[in-house]
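J.: Quick one: this structure, given as structure tokens, is what I'll be asking you about.
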Amino acid sequence: MKFPDCAIVHRCEICNDRADPHEIVTRGAGGKRVDWNVIYLCLAHHGEFHDRGRTTWAGLYPQFADKIWEACLRAGRGRHDA
Ligand SMILES: [Zn+2]
Ligand SMILES: [Zn+2]
């Protein structure tokens, strides 16, 4: 049985709670809703990302640092800014 995308329950990649996709590089900055630019995060971890900015957040969760850096490069942003 196939569900439409909106019915899929995603899980936070950190704590496994119910999650929504977070775009590492926002659309405004050239990012897209594609695998390499999306991390699934629960409300708490998602808020933390936006509060702290991606550079600080990547320091807290180094398992995502490579993915975040890669997404920045792919989206054409050379600077590792938040
Ligand atoms: Zn979480
Ligand atoms: Zn987000």
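The values are calculated or read from the model by the stated rules, or taken from the named source; none is laboratory data. Just so it is clear, the model here is predicted, and its values are computed rather than measured. Ideal geometry is used to build each Cβ from the backbone, glycine not excepted, and the neighbour counts take in all protein chains shown.
J.: Between a first residue in the range 27-43 that is in contact (Cβ under 8 Å) with a residue 40 or more places away in the chain and a second residue that is assigned to a strand (DSSP E or B) and surrounded by 14 or more Cβ atoms within 10 Å (Cβ to Cβ), which pairs have beta carbons less than 7 Å apart while being 6 or more apart in sequence or on different chains?
T.: G31/E23
J.: Identify the residue in the range 21-64 that is more than 11 Å from the chain's Cα centre (by Cα), closer than 19 Å to G76 by Cα and in a helix (DSSP H, G or I) and, among all such residues, is nearest to ligand 1 (Cβ to nearest atom).
T.: Applying the filter and picking the extreme gives T55.
J.: Going through the range 25-49 one residue at a time, which ones are at pLDDT below 95 and in contact with a strand residue (DSSP E or B) (Cβ under 8 Å, 6 or more places away or on another chain)?
T.: Of everything in the range 25-49, those that are at pLDDT below 95 and in contact with a strand residue (DSSP E or B) (Cβ under 8 Å, 6 or more places away or on another chain) turn out to be G31, K32, R33.
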